[in-house]
Amino acid sequence: MSETCDVAHGTAPADPGVRTLVAVFASPVSRFLLKFAHELGYHVALFEPDPARVTDVPEGFEADTALPRLDASADVVVTDHHRPELGAVLKAALEGNPRWVGVLGNPRHPGPHVAALQGLGVSEADIARVHRPVGLNIGSRTPPEIALATLAGLVADRNNRPGGFDFPP
């Protein structure tokens with residue numbers, strides 16, 4: 001059988017390197033991110049610093065109130081840009097040196113993460129490492145669609161393909 005057939009029949013070898021997906025903040029989007037990413041072979045973690053807000057975790061997954069150890073295999077997706085701890089969480093994530101960091105948000109509105117990080121003294125170079133918006137531009141509107149678009153972009157990137165994180169102005 002050819003490599004193409006192996007892919008179609010699900011017998012192709014897994015990607016060369018396991019990635020970790022850290023969803024930040026318990027939310028409807030993080031719920032789907034965890035489930036979908038797990039199915040895609042990611043190690044997954046949910047970071048929710050406020051134990052009182054851990055209300056939307058899929059069965060079989062747990063939330064952690066401490067940011068997991070991050071390294072070059074980690075992709076971090078912040079699922080709520082309205083949280084007051086946004087800046088502190090992003091600063092801590094950037095210090096862990098993950099491979100990729102993104103914050104959900106409408107591309108037509110300024111990202112509140114920039115001012116939050118500037119206020120904490122984070123360098124412009126590190127602020128520029130934070131992607132916003134995240135995911136492929138497929139017109140996502142619901143939590144499962146947003147999770148799907150986000151993961152499609154990350155899988156494309158993982159496989160060195162131009163998935164298309166670009167959004168026209």
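The values are calculated or read from the model by the stated rules, or taken from the named source; none is laboratory data. Just so it is clear, the model here is predicted, and its values are computed rather than measured. Please note: Cβ atoms are built from the backbone with ideal geometry, for glycine as well, and neighbour counts cover all protein chains shown. Just the protein is used for accessible areas: all its heavy atoms, side chains included, with ligands, DNA and RNA removed. Shrake-Rupley method; radii C 1.70, N 1.55, O 1.52, S 1.80 Å.
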Assuming R0 = 41 Å, can you tell me the calculated FRET efficiency for the pair E124 and E145, based on Cβ-Cβ distance, to the nearest 0.05?
0.80
For the pair D50 and R108, the simple spin-label estimate (label points 7 Å beyond Cα toward Cβ) gives in nm 2.8
The chain accessible area per residue, 1.4 Å probe, protein heavy atoms, integer Å², reads 55
Along principal axes, Cα extents of the chain, largest first, whole Å:
57, 38, 30
Modelled label-to-label distance, N137 and N159, 7 Å Cα→beta-carbon offset: nm?
2.2
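Given Cα pairs under 8 Å that are at least 6 residues apart, what percent is the relative contact order of the chain?
Values: 280 pairs, mean separation 32.0, N = 169.
Relative contact order of the chain: 19 percent.
Using mean Cβ contacts within 10 Å as the protection proxy, how do 17-26, 61-70 order, highest first? Walk me through the numbers before you get to the answer.
Details: 17-26: 21.6, 61-70: 14.4.
Going from most to least packed, we get 17-26, 61-70.
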Rounded percent of accessible protein surface that carbon and sulfur make up, segment 77-122, 1.4 Å probe
55
